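Visitor: After the structure tokens below, expect a handful of questions from me.
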Amino acid sequence: MIRIGHAWDTHKLIEGRKLILGGVEFESKIGLLGHSDADVVLHAVAESLLGSLALGDLGTFFPDNSEATLNMDSKIILTECYKKVREKNYHLVNLDLTIYAEKIKISPKRELIINSIANLLGIDKEYVSVKATTWEKMGFIGREEAMACECVCLVESD
């Protein structure tokens, strides 16, 4: 049996926060605002995994009003979500994600993001696709007010 999961995550950009994407820190004067470390990449991957098996959303397991999840490292969020998938006797076949950012250049750290995600999920990096695009200066992403990530994953029963 195979299942597909899809997710979209977005966070506002602000000064004074670290910018972490896919578990990789970027040098930047702006970062993403969120209850956790606001890693839109790992959030989209984690939520797509949950969605593949209709397990709920990130808020179900990591509520944004909980002190326990305040400033949580999104690597923990991703590994916990994948653990739930594995507990249902499914494994990740592949994932494809797109990062939406106007000014932040992803390509210099693309391989680091791929390796980070592959290592966190215990899969070969050839099964992790990371792409990036701008919004051509349109909308909240184009105005550099926010960043987003969209992810599709395929899981298969063991």
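Visitor: Could you go through region 6-16 and let me know if any residue there is small (Gly, Ala, Ser), surrounded by 15 or more Cβ atoms within 10 Å (Cβ to Cβ) and in contact with a Ser or Thr (Cβ under 7 Å, 6 or more places away or on another chain).
Guide: Yes, because at least one residue in region 6-16 is small (Gly, Ala, Ser), surrounded by 15 or more Cβ atoms within 10 Å (Cβ to Cβ) and in contact with a Ser or Thr (Cβ under 7 Å, 6 or more places away or on another chain).
Visitor: Within region 99-158, how many residues are within 19 Å of ALA38 (Cα to Cα), in a loop (DSSP other than H, G, I, E, B) and of a type in the set (A, V, I, L, M)?
Guide: Of the residues in that region, 3 qualify.
Visitor: Have a look at SER157, SER116 and point out the one that is polar (S, T, N, Q) and either free of Cβ contacts under 8 Å to residues at least 60 places away in the same chain or farther than 30 Å from ILE14 by Cα (or both).
Guide: On the way: SER116 fails: either free of Cβ contacts under 8 Å to residues at least 60 places away in the same chain or farther than 30 Å from ILE14 by Cα (or both).
Within the list SER157, SER116, the selection yields SER157.
Visitor: A further question on this structure: When the residues of region 119-158 are filtered to those that are of a type in the set (D, E, K, R) and touching a helix residue (DSSP H, G or I) at 6+ places or on another chain (Cβ under 8 Å), which remaining residue is surrounded by the most Cβ atoms within 10 Å (Cβ to Cβ)?
Guide: GLU150
Visitor: Suppose we filter ASP57, ASP39 for residues that are farther than 16 Å from ILE106 by Cα and in contact with a helix residue (DSSP H, G or I) (Cβ under 7 Å, 6 or more places away or on another chain); which single one remains?
Guide: Numbers: ASP39 fails: farther than 16 Å from ILE106 by Cα.
That would be ASP57, the only listed residue that is farther than 16 Å from ILE106 by Cα and in contact with a helix residue (DSSP H, G or I) (Cβ under 7 Å, 6 or more places away or on another chain).
Visitor: Take region 75-98 and flag every residue that is surrounded by fewer than 18 Cβ atoms within 10 Å (Cβ to Cβ) and over 19 Å from VAL24 (Cα atoms).
Guide: Correct list: LYS83, LYS84, ARG86, GLU87, LYS88, ASN89, HIS91, VAL93, ASN94.
Visitor: Still on this structure, please answer the following. Can you confirm whether region 22-36 contains a residue that is of a type in the set (A, V, I, L, M, F, W, C), modelled with pLDDT of 95 or more, crowded, with 21+ Cβ neighbours inside 10 Å and within 12 Å of the chain's Cα centre (by Cα)?
Guide: No, there is no match, as no residue in region 22-36 is of a type in the set (A, V, I, L, M, F, W, C), modelled with pLDDT of 95 or more, crowded, with 21+ Cβ neighbours inside 10 Å and within 12 Å of the chain's Cα centre (by Cα).
Visitor: Does SER66 satisfy being hydroxyl-bearing (Ser, Thr, Tyr) and either at positive phi or within 14 Å of the chain's Cα centre (by Cα) (or both)?
Guide: Taking the combined requirement at face value, the residue does not satisfy it.
Visitor: Restricting attention to region 81-93, does a residue exist that is out of contact with any strand residue (DSSP E or B) (no Cβ under 7 Å at 6 or more places or on another chain) and β-branched (Val, Ile, Thr)?
Guide: No, region 81-93 contains no residue that is out of contact with any strand residue (DSSP E or B) (no Cβ under 7 Å at 6 or more places or on another chain) and β-branched (Val, Ile, Thr).
Visitor: Okay, next question. What do you reckon, is ALA101 surrounded by 15 or more Cβ atoms within 10 Å (Cβ to Cβ) and in contact (Cβ under 8 Å) with a residue 24 or more places away in the chain?
Guide: Numbers: surrounded by 15 or more Cβ atoms within 10 Å (Cβ to Cβ): yes; in contact (Cβ under 8 Å) with a residue 24 or more places away in the chain: yes.
When the stated conditions are applied, ALA101 passes them.
The values are calculated or read from the model by the stated rules, or taken from the named source; none is laboratory data. All values reported here derive from a predicted model rather than from experimental measurement. Heads up, the Cβs are rebuilt from the backbone with ideal geometry, glycines too, and the neighbour counts pull from every protein chain shown.
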